[in-house]
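Step one of this worksheet: look at the structure below.
Where a number appears in this text, it was derived from the coordinates with a stated rule and is not lab data. Owing to the predicted nature of the structure, the values given are computational and were not obtained by experimental measurement. Backbone-built Cβ (ideal geometry, glycine too); neighbour counts: all protein chains shown.
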Amino acid sequence: MSKKVEEIINLLNKALETEHQANIQYLSHAEVVDGINSEPIIERLKEIAEDEKKHAAMLRTLIGDYLDGVPAITMAKAKNATTIEDIIKTNLKDEKEAVELYTQILEKVREAKQELPYNFLKIEHDLRHIIMDEQEHIAELRKLLGMKLSEIEKIK
Ligand SMILES: [Fe+2]
Ligand SMILES: [Fe+2]
């Protein structure tokens, strides 16, 4: 296995650890939210959690079946949040970082195209699919707070 492919597997495993975290974090935050208007927010958080679970499954398949790697079983550190605003901002920050990480991985995969004759399109397709989902999560979360795009850029 080439250095480039090894690096891609490592990055995909890093992403898998953050998907494990995101799934658990959204499910936990969904139980923290309460109040008179909480129902649609709880539903949205649970729906996003389900997407993150699917992303983890997609990554496991890419790593194991398409790249002969071993999928990670660990998870990145999850973050607590207590208020609705805090929960949404915490997850918006994570979603932004997810888009950055997947964009970086996608670039590496494209650079290694010649070394991936039997799996390039599958990996590229799935990464693009996941990035589009994360961008959708950003759109959905910011809508809950009525945030403008320029405000998202300020979240750190
Ligand atoms: Fe995800
Ligand atoms: Fe997401």
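For the reader, a short list of remarks on this structure follows.
- Residue 66 within 13 Å of ligand 2 (Cβ to nearest atom) and among the aromatic types (Phe, Trp, Tyr): no
- Residue count for the stretch 79-114 satisfying the condition of being under 19 Å from residue 125 (Cα atoms), surrounded by fewer than 19 Cβ atoms within 10 Å (Cβ to Cβ) and in contact (Cβ under 8 Å) with a residue 40 or more places away in the chain: 5.
- Meets criteria (outside any helix (DSSP H, G or I) and crowded, with 17+ Cβ neighbours inside 10 Å) for residue 76: yes
- Considering the stretch 1-51, and only residues there that are touching a His at 6+ places or on another chain (Cβ under 6 Å) and not β-branched (Val, Ile, Thr), the residue that is surrounded by the fewest Cβ atoms within 10 Å (Cβ to Cβ) turns out to be 19.
- Yes/no for residue 142 being surrounded by 12 or more Cβ atoms within 10 Å (Cβ to Cβ), out of contact with any Asp or Glu (no Cβ under 6 Å at 6 or more places or on another chain) and closer than 16 Å to residue 48 by Cα: yes
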